[in-house]
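The values are calculated or read from the model by the stated rules, or taken from the named source; none is laboratory data. Predicted model only: the values in this text are computed from it and were never measured. Every residue, glycine among them, receives a Cβ derived from its backbone with ideal geometry; neighbour counts consider all protein chains shown.
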Amino acid sequence: MLVFKVKVESEAGPFGDSPKRFHLDGRQVEIAENIDRWHGAGYCYFKVKGDDGNLYILRLDEGRGEWELTMFQSPQAEAFATQSHPRKSRPTMDAPS
């Protein structure tokens, strides 16, 4: 799995720290919505929506206190891919007469 180290600014909340913004490749992404969070062995995962409209999964290594970006999804890229490569319809089989 390909992951990217990111700098995350977080704040304490009722269920522990929650990311508020992160820095990736010199740009800052504000967290517009914390969608979900879950725990794995030694990690805490956060599914968030950025102010850029993209979805991200951030992973906190709880032992080392290091953050990583493990998933990125861009609705604009998906829309472009769908428009550029429409799905081909499958041929249908007629029932035997």
Practice prompt. Six or more apart or on different chains, Cβ under 6 Å: which pairs go from a residue in segment 66-79 that's farther than 17 Å from residue 48 by Cβ and at pLDDT 90 or above to one that's assigned to a strand (DSSP E or B) and of a type in the set (Phe, Trp, Tyr)? Could you list them?
Written response: none
Worksheet, complete the sentence: Looking across segment 58-69 at residues that are more than 11 Å from residue 44 (Cβ to Cβ) and surrounded by 16 or more Cβ atoms within 10 Å (Cβ to Cβ), the single one that is farthest from the chain's Cα centre (by Cα) is 68
Fill in: Restricting segment 19-57 to residues that are of a type outside the set (Gly, Ala, Ser), exposed (fewer than 12 other Cβ atoms within 10 Å of the Cβ) and more than 14 Å from the chain's Cα centre (by Cα), the residue that is modelled with the lowest pLDDT
25
Response to the item:
Among the residues of segment 1-43, the number that are among the β-branched types (Val, Ile, Thr) and under 19 Å from residue 64 (Cβ atoms) is 3
Worksheet entry | Scope segment 1-43; condition of a type in the set (Asp, Glu) and part of a strand (DSSP E or B); matching residues | 9, 11, 17, 30, 33, 36
